[in-house]
């Protein structure tokens, strides 16, 4: 029998969170969403992950979900610490280098690259190696984790070389010789990393989404629909929303899916703020002395995300006829929207998740 008291509620549900990153393609996540839409509130799933690698109590070992959370935590840490930096560095490089033609040495501007912390890549390799030995066994996840760590280490090393080279302006001394040597390696390294990053994200989504549903049900059963429940539900619906707005393989966005996800998120956040308005005084009784401030910070960022998501919803809803393919919206034919954009939605989502990771309540 499962021992649900093996960890406190805070221990079992105070997880690290996924950042959206570039979310270039999340079609696999969309398939999960579409299956869930028929199930009313069950459509919402989570960006949440494990409680940490260090849990070793014997009674925890009897809990499959606790084991699973511990198992996937290092993979989440890898993606949260490396993915955005690697894509940011790539984006900076391609601001001044043609991504198809590559470096010519005749570029008008030389901006260099943003740094990628090699220590984070080293820590990632250590983390996935530790996770590989942890139950439950998952060959596909473990293989992808190894591939991710290797690809991240490779591109981190290349970026470090290139960043130092351009920062020192050494290209003025060797007529871009080293830059031209590094250029094809950088482009190949980013391409390799992008694929495995996407594949690992999809694999983890397939694990964390049903896991989050089970955990939310536990929260409701053990603690009721209080702050913890509403906080987790809001985060879960936020991830569903940001993924519903991602682009499918055919370069379209499913408007009914996005509309439904927005309504679910809107309801979840409204439920949280309604409960908060009536029970905020309870946060002062929490052992967390900053819980009240955490609630304020969380709801402020959640509101900002809701605002940008609604603006993007209007953009998709009011798309011109030429951009509509049935119930979908073709991104290439969608004019720039004055109200909001996909980029702004992702930026607000990442800010929201960063705030949630920093400011805890209850």
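Read-outs throughout are calculated quantities, based only on the coordinates presented, and are distinct from any laboratory measurement. This one's a predicted model, so the numbers in the text were calculated from it and none came from an experiment. Because the Cβ atoms are built from the backbone with ideal geometry, glycine has one as well, and the counts that use them run over all protein chains shown.
Equivalent ellipsoid semi-axes for region 150-308, as square roots of 5 times the alpha carbon gyration tensor eigenvalues: give them largest first, rounded to whole Å.
The equivalent ellipsoid of region 150-308 has semi-axes of 43, 21, 16 Å.
For region 144-220, the alpha carbon convex hull comes to 92 Å³ per residue, rounded to a whole number.
Kirkwood analysis of the Cα pair distances in region 66-123 returns a hydrodynamic radius of 13.5 Å. Counting 0.36 nm for each residue step from residue 161 to residue 318 and taking away their Cα separation leaves a gain of 51.9 nm. Highest mean packing comes first when the peptides 221-228, 101-108 are listed by Cβ atoms within 10 Å, giving 221-228, 101-108. Computed with the Debye formula from one identical point scatterer per Cα of region 225-362, without solvent, the log10 of I(q)/I(0) at q = 0.11, 0.18 Å⁻¹ comes to -0.43, -0.92. Highest average first, the peptides 239-247, 282-290 ordered by how many other beta carbon atoms sit within 10 Å of their residues are 239-247, 282-290.
Fewest neighbouring Cβ atoms within 10 Å first, the residues 134, 236 line up as 134, 236. With Cα atoms defining each centre, region 299-362 and region 137-176 are spaced 31 Å apart in the structure.
Assuming R0 = 35 Å, can you tell me the calculated FRET efficiency for the pair residue 288 and residue 266, based on Cβ-Cβ distance, to the nearest 0.05? Plugging the Cβ-Cβ distance into 1/(1 + (r/R0)^6) gives 0.80. Go ahead and run the numbers for FRET between residue 192 and residue 300, Cβ-Cβ distance against an R0 of 35 Å, rounding to 0.05. FRET efficiency, residue 192 to residue 300: 0.35.
Which parts of region 227-253 would a label at residue 341 reach, counting a residue when its backbone N lies under 20 Å from a point 7 Å out along Cα-to-Cβ? Under cut-off, by backbone N: 242-248, 251-253. With r as the distance between the Cβ atoms of residue 181 and residue 129 and R0 = 35 Å, compute the FRET efficiency 1/(1 + (r/R0)^6) and round to 0.05. After rounding, the FRET efficiency stands at 0.65.
Of the peptides 111-123, 255-267, the order by per-residue mean of other Cβ atoms within 10 Å, starting with the highest, comes out as 255-267, 111-123. Counting only Cα atoms, the size of region 214-262 along its three principal axes is 43, 16, 13 Å, in decreasing order. With a cut-off of 20 Å on the backbone N, the residues of region 159-199 near the modelled label site 7 Å out from residue 146 along Cα-Cβ are 192-199.
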